[in-house]
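First up is the structure itself, then whatever we jot down about it.
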Amino acid sequence: MASPKLKIESRRAPDAQALPAALPLLILLFAGSGACALVYEVVWFQLLELVVGSTAVSIGVLLATYMGGMCIGSLALPRFISRHHHPLKIYATLEFTIGVIGVLELFLIPLIGKLYSPIVGHGAGALVMRAVLAMICLLPPTILMGATLPAVARWVDSSAKGVSWLGFFYGSNIVGAVVGAVVTGFYLLRLQDQAVATYAAAALNVIVAVLGWSIASSSTYISELPGDTIAETPASLDARTVYIAIAISGATALGAEVVWTRLLSLTFGASVYTFSMILAVFLAGLGIGSSFGAWLARVVESARSAFAWCQVLIMLALAWGAAVIYLALPNWPINPSLAPSAWYSLQLDLVRCALAVLPAACLWGASFPLALAALVAPGQDASRLVSRVYAANTVGAIVGSLLCSIALIPLIGTQDVQRVLIVAAAAAAMMLFLSRGTAPMLAGVSFVVAAVLVAAVPKLPGGLVAHGRWAVTWLGRTEMLYVGEGMNSSVAVTKVLASGATQFHVAGKVEASSLPQDMRLQRMLAHLPALVHPNPKSVLVVGFGAGVTAGSFIAYPSLERLVICEIEPLVPKVVSTWFAKENNSVASNPHTEIVFDDARSFVLTTDEQFDIITSDPINPWVKGAASLYTREYFEAVKKHLKPGGVVTQWVPLYESTLDAVRSELATFFEVFPNGTIWANNIDGAGYDIVLLGQAEPTKIDMSALEKRFADAKYQPVGASLTEVGFTSPLTLFSTYAGSGADVAEWLKGSTINTDRNLRLQYLAGLGLNQYTEASIFSEIVKHRRFPEKMFAADSSWMSQLRSSIGR
C-alpha cells in the first residue's frame, strides 16, 4: 500500500554558489559555540557542586539534567519552530540567548543556593530537592544549546552529502569544546575566576550570534517550494535499529568515560589538571572521529555497514583501553618525583591518556555522522532527523553515565563494567548486521569476538588503587589487604612489609595510616581542640579516614554526640575495621552518627551546632577538595560552633606549593583572625600542620587541664596522647608554630580561596609529586613569636614551654 503524501514546509539550501562558501564559516561558528558550552558546563558544575555536594549521586543528577536539557532542546526545535524562519537567524538568536542566560546563572545559582540550603535535609527528600535545583538552573540554557544543531540542519540538503555537513558541524562543535576545556582548566579558572570565565564565554556567544546573523542576512533561504511533498511514515524496523544502536553508542561512550576518568585519575593524580586533560583528550577523539565519519559517509556505499563496523572496532578499543590502563600504565618505570615541575608530568600524562582513550573516542565520534547517513532519505526534514539521532545518542549517554557511576561500579567493579560495555557495543553491531538480514555471519563473528574480549579484560590491580602514580615504586613493598570500588571512590588497605604499619588509600594515595607521623596528626586533630575546649560534648568530624581522629574523642568522658561526615560508605563500613584498635571501634560506638554525604553540603544544610568541628579532608590538590577550604565554608563552620567552640583544619605541606599553603592560611585566618598554627613535624622538618580557630582569642588554662588529667576518667585521654609521643600536655603544646597575627604581614597578597574562584585546587595541583615541605615550614616558623597571652600557667611551666617550642 502506498504511503500517504503529505504537504510539508520543505526547505531548500541557499543557492549553489553561496552554500560552499558559507558552510566552512559555520564550522568555525560551531567551534565557538562548543567552546562556550564547555566553559559554562565547568563553571555551572562548580557552582552547583558547592550547593548540592560532590557525591556521585549529586554529580549524576547534574550531568543527567545537563544532558537531558540538550536532548529536550534537540527534539523541541523542529516541533515548535517553523521552517519559515531562516535557520541561521534562529541559530544566532539561540547563541545570543545562551550568552545572556550564562551571565544570569553566575548570580542565579548562588542565590537559589541560599534559598535551598536552609530547607533541605538528607535522604531521599534531599535527593529530590537536588534534582529540582539542578533542573531550575540547568534546563533553560541546556535546552537552547541542544537546539542549535537541529536549527542549522535545515540549511543542508537531505542527502548523504548534505547530512555529512552536520557531521562536520558536530565535529567542529566538539573541537571547540576541547579548546574550551583546555582554556578553562588551564587558564581561565587557574588565573582568573568563574566570573571572568563566564563573561569570556558570553562575549564569544555574542560574537557567534552576530556573525551568524550577518551570514543569514547576506544569504538566500527558501523555506518552501510549490509541489514539495514527502512520505511521512512511522519509523521502520531498520530505522529503529539505527536509533537503538546510536543510543547504545552514547551509553558505551559516557559509561567508558566515567570508568576511564576514575581509573586514569588514579594513575595521574586526581587534580583539576588531570580531569581537564582527560576531558580534552576524550572530546578531541570525538571531534576527530566525527570529522572522519562525516567524510566517510560521503564515500561509502552503505553507511549502515560502516556504522556497524564502528561498533565492532569500539569493542576492540574498549578492550585496548582496559589493557593499557590496568597493565601498561601502572608498570611504566616512572618516578613522578623526578619531574622538575607538574607541567612535565602533565605532558607525559597527556601522551599516556591519548594512548588509552583516543582510539575508542574517535570511533564514538564517527558513529554519529554515520548514523545520520544511514537514516537520511531524499526530501526528509534534516532538522527532525538530526534531532532524533542526537536525542537518542544523548539519552543513551545519560543512561550509560548514571548506570556506571551510581550503580554498576559499586556493584560489580570497573573490570566487569568494561565487560558490560563490550557486550553492549557487540549488541549494537549485531543489531545493525542483522537489521536487513544481509550479514548474519558478521553478527556471529561479532558475538565471538565480544566473548573473547570479555574474557581478556584484565583484573583491576590493587597497586593502582593503593599507590596510583607511585605504583611501580611500591612493587614488593606492601601486602594488599583489601581493595574496594565504591560509588564515590576506590579504596584500598595495605600492610607495609618493612614496618608492619597499616595504610588506608583512597584515590591512589595514602589517606591515613598507623605510621607514627600519621598517627600524631590524627590524634592532634582531636586532642588539640578537645583540650582547648573546657567541656566538649558534641563533635563534628569531616572525613572518616581511618577513624583515628574520630576515635580519639571517644576517650573524653564529657562526649555525648559524635557526628562523622563521610562521602564514601566503604570507608567506615569496611576500611575502619582494619584500624579498629587505633580508632577505638568508633564506627560502632553508641555516641557515633555517620552521615554519608558531602561534608560541605551537610554543614550548609544542618541547623545543629557543635563544640568542636575538626576537618581532615583529602589533599586540596584533589579536584573538589578546595571547596572545604574556602572562606565561605569556614564562615559556615564558624556559624555552627557553639559559644567557645573550637575548629581544627588539616593543612598538608607535602605535595603542595608555598602559594597554596599561604592561600590556605590566609583564607582560614580571614575568618578566624585569632587562629593558631600547630606543627606535625618529622625530625624537626615540616610534614603537615593543624590550624586551630575560635571566634574569640584562644585561652588555655593549665591548672584546669591539670585537674582534668588528675581525674581517673581522663586516663584514656592520657594514654591516647602517650601512644603517639605526647607524654604530657607540655609536649603537645610544644608543637605551637605561630598565630594568625604572627604571619599576617607574610600573608599579605596571598590568594583568598573563595567559592567564586576555588583557586586553591589550581595552586595545590602544581605541587603534585613535589616535596618541598621542609622549606615551606621554615618559611612559616620564621615569623613565630612566643604566645605570651594564650596560656595561663606558672612561670616554671611557661619557661619549659618556651624552651620546648625553641627546640
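The values are calculated or read from the model by the stated rules, or taken from the named source; none is laboratory data. Fair warning: this is a prediction, and the values are worked out from it, not measured in the lab. Don't worry about glycine lacking a Cβ; one is built from the backbone with ideal geometry, like all the others, and counts go over all protein chains shown. Only protein heavy atoms, including side chains, enter the accessible area calculation; ligands, DNA and RNA are left aside. Shrake-Rupley method; radii C 1.70, N 1.55, O 1.52, S 1.80 Å.
Loop exposure criterion: GluC sites (Glu not before Pro), DSSP state outside H, G, I, E and B, at most 16 other Cβ atoms within 10 Å. Applied to the chain, the longest stretch between such sites is 302-559. Relative protection proxy for 129-142, 60-73, from highest mean packing down: 60-73, 129-142 (other beta-carbon atoms within 10 angstrom). For the chain, the relative contact order is 14 percent, taking Cα pairs closer than 8 Å that sit 6 or more residues apart in sequence and dividing their mean separation by the residue count. Summing Cβ point charges (Lys, Arg +1; Asp, Glu -1) relative to the Cα centre of the chain gives a dipole of roughly 980 debye. Overall shape: oblate for region 682-746, with the ratio a/c of the largest to smallest alpha carbon gyration tensor axis at 1.5 or above and b/c at least equal to a/b. The fraction of accessible area contributed by carbon and sulfur in region 333-489 is 69 percent, rounded to a whole number (1.4 Å probe; ligands and nucleic acids excluded).
Which value in deg cm²/dmol, rounded to the nearest 500, describes the helix-derived mean residue ellipticity at 222 nm for the chain, given -39,500 (n - 2.57) per DSSP H run of n ≥ 4 and division by the residue count? The partial results should precede the final answer.
Working: 28 runs with 468 residues, N = 807.
Using -39500 (n - 2.57) per qualifying helix, the result is -19500 deg cm²/dmol.
Solvent-accessible surface of region 259-311, taken per residue with a 1.4 Å probe and all protein chains present: 28 Å².
Tell me which chymotrypsin sites (Phe, Trp or Tyr not before Pro) from region 767-803 have a DSSP coil assignment and no more than 15 other beta carbons within 10 Å of their own. It would help to have the intermediate numbers written out before the result.
On the way: sites: 771, 777, 791, 797; in loops: 771.
Here the chymotrypsin sites (Phe, Trp or Tyr not before Pro) that fit, given the DSSP loop and packing criteria, are 771.
Along the axis of the charge dipole computed for region 446-513 (Cβ charges of +1 for Lys and Arg, -1 for Asp and Glu, origin at the Cα centre), the listed residues 510, 460, 474 are led at the positive end by 474.
Using r as the Cβ-Cβ distance of residue 451 and residue 771, and R0 as 56 Å, what FRET efficiency do you calculate, to the nearest 0.05? Spell out each step's value before the answer.
Values: r = 47 Å, r/R0 = 0.85.
Working from the Cβ atoms, E equals 0.75.
Summing charges over all other residues whose Cβ lies under 15 Å from the Cβ of residue 197, with Lys and Arg as +1 and Asp and Glu as -1, gives -1. Set Lys and Arg Cβ to +1 and Asp and Glu Cβ to -1, take the dipole of region 742-805 about its Cα centre, and tell me which of 753, 770, 791 lies farthest positive. Of 753, 770, 791, it is 753.
Between residue 472 and residue 682, the C-beta separation translates, for a Förster distance of 30 Å, into a calculated FRET efficiency of about 0.75.
Skip the ligands, DNA and RNA, and give the accessible area per residue of region 729-807 with a 1.4 Å probe, whole Å².
Numbers: 3470 Å² over 79 residues.
I get 44 Å² per residue for region 729-807.
The stretch between residue 196 and residue 415 holds 74.8 nm of extra length on full extension. This uses 0.36 nm per residue minus the Cα-Cα distance.
The apolar share of the surface of region 663-807, taken as the fraction of accessible area on carbon and sulfur atoms (1.4 Å probe, ligands and nucleic acids excluded), comes to 52 percent.
If the segment from residue 299 to residue 788 were pulled out straight at 0.36 nm per residue, it would be longer than the present Cα-Cα gap by 167.7 nm.
Could you report region 377-492's accessible area per residue, 1.4 Å probe, as an integer in Å²?
Averaged over the residues of region 377-492, the accessible area is 40 Å².
Can you give the charge dipole size of region 765-807 about its Cα centre, rounded to the nearest 20 debye, using +1 on the beta carbon of Lys and Arg and -1 on the beta carbon of Asp and Glu?
Working: 6 positive and 4 negative charges, 27 e Å.
So the magnitude is around 120 debye.
In this calculation the C-beta distance from residue 28 to residue 748 is compared with R0 = 41 Å, giving a FRET efficiency of 0.35.
Taking only protein heavy atoms and a 1.4 Å probe, the accessible area of region 253-321 is 73% carbon and sulfur.
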